[in-house]
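Each remark here refers to the structure printed beneath this line.
Every number in this text was worked out from the coordinates using simple rules, so none of it is lab data. This structure is a prediction, so every number in the text was calculated from the model and none was measured. Every residue, glycine as well, gets a Cβ built from its backbone with ideal geometry; the counts of neighbours run over all protein chains shown.
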Amino acid sequence: MSAIPPGSTIGILGSGQLGRMLAVAAAQLGYRCHIYAPESGPACDVAAAFTQGAYDDSPALYAFAGQVDAITFEFENVEPVAIAQLGARVPTRPHSLSLDIARYRVAEKEWAAQIGGRTAPWRGVSDLPSLETALADVGAPAILKTTLFGYDGKGQARIDSPADATAAWSEIGSPVLEGGFPAILEGRVDFFAEFSVIVCRGTDGATVAWDVPENLHREGILATSSVPASAPVLAQAEEATAFAVAMANKLGHVGVLTCEFFATPDGPVFNEMAPRVHNSGHWTIEGAVTSQFENHIRAICGLPLGSTTLTGAAVEMTNLIGADAGRWPALLGEGDAHLHLYGKHEARPGRKMGHVTRVRR
Ligand code: ATP
Ligand code: MG
């Protein structure tokens, strides 16, 4: 397979901060980026071109594919069928299978089981009666989640007892999904920590993985990622990393794949995966020799992958959520804190405005 050389144009579906950091990494390697999204966003400020279009506008997507040398995406809300169509015109990586599986929580769990991973007990849910049956099987406490389009804990309802079923079903919006389960019920996992594994797989099948970050969430949103993880989490890193590599290989994935885990006394329990660069990998920009963004660009262009070795003894990434971004003068005053602001104008509560990374040498 021939490489897509520097000087080429990479198309990115999505205009958020992940696209922005991908475009910066691509620019460093001499690529131009062309963003396609329904709305302008942080990625457009740093890209060579922007096309405004809907993700289901096939003619517009097709025209976009004619203007770029490769396509990737920065989030999962693109229809896998659109990715497959684009892939017929221009190298589109990762391909539609990764997206198909990773964005649908039921398929994710099935694939995890097929490669021998642990998951929470779960059942697919179609309606309120099937939720009640699922609850009888899985038991409380549990979490009800929409199977598609969840992020930052949205589309989820906690269930403490079977009496909560009706309220939980309406809380997630009584979803409907043709040809699949619109919701999934998961037993609540009793974990002592959360961590993620970020791997990158090249077109030649070579894989690299970064040190695992331990992740702390606040109000359903990632707050910090720390490397190295604590000793009890580190003890589970090898098994979880082997799982993530096996998943990337089984999918024939190209690019970054992120798997989220709960650390439990029984070992790592797989929660979910993202077929893309991930917030818990932002620390790799300064904290690793090659960042998740650069390796994703290298992978989709068919280039050799870079080293994931740490650049210091410890790295911590803190998200700047909502009003936190107003702390930028103090953060710059620290001198050795790496500040990233995404250029978003409105600091709404819960909105990811930027992040700061501190590397301890
Ligand atoms: P994100 O976009 O932040 O990754 P998400 O909306 O895709 O989140 P999940 O990662 O599935 O959703 O859930 C968000 C958080 O809720 C998890 O990080 C974890 O803290 C908690 N959680 C989710 N599922 C379970 C479970 N089965 N047992 C216990 N806690 C859970
Ligand atoms: Mg998650």
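Given (1) within 16 Å of ligand 2 (Cβ to nearest atom); (2) without any contact (Cβ under 8 Å) to a residue 12 or more places away in the chain, identify the lone condition not met by Val212.
(2)
If a residue counts only when it is over 19 Å from the mean Cα position of the chain (by Cα) and surrounded by fewer than 18 Cβ atoms within 10 Å (Cβ to Cβ), which strands (runs of 3 or more DSSP E) contained entirely in region 273-361 have at least 2 such residues?
337-341
Kindly indicate whether Gly267 is surrounded by fewer than 18 Cβ atoms within 10 Å (Cβ to Cβ) and within 16 Å of ligand 1 (Cβ to nearest atom).
Yes; evaluated as a whole, the condition is true for this residue.
On the basis of being part of a loop (DSSP other than H, G, I, E, B) and not acidic (Asp, Glu), does His253 make the cut?
yes
In region 136-150, what count of residues is obtained for those that are within 16 Å of ligand 2 (Cβ to nearest atom) and over 15 Å from Val125 (Cβ atoms)?
Result for region 136-150: 1.
So which of Asn249, Asn295 ends up being over 24 Å from Lys352 (Cβ atoms) and away from ligand 1 (no atom under 16 Å from the Cβ)?
Result: Asn249 is the single residue among Asn249, Asn295 that is over 24 Å from Lys352 (Cβ atoms) and away from ligand 1 (no atom under 16 Å from the Cβ).
Would you check which residues across region 172-207 are in contact with a helix residue (DSSP H, G or I) (Cβ under 6 Å, 6 or more places away or on another chain) and within 16 Å of ligand 2 (Cβ to nearest atom) and list them?
Selection gives Ile184, Ala193, Phe195, Ser196, Val197, Ile198.
Look at region 151-171 and say how many of its residues are away from ligand 2 (no atom under 16 Å from the Cβ) and buried (at least 18 other Cβ atoms within 10 Å of the Cβ).
Of the residues in that region, 5 qualify.
What is the one condition in (1) within 19 Å of the chain's Cα centre (by Cα); (2) within 30 Å of Ala82 (Cα to Cα); (3) near ligand 1 (Cβ under 10 Å from one of its atoms) that Leu97 does not satisfy?
(3)
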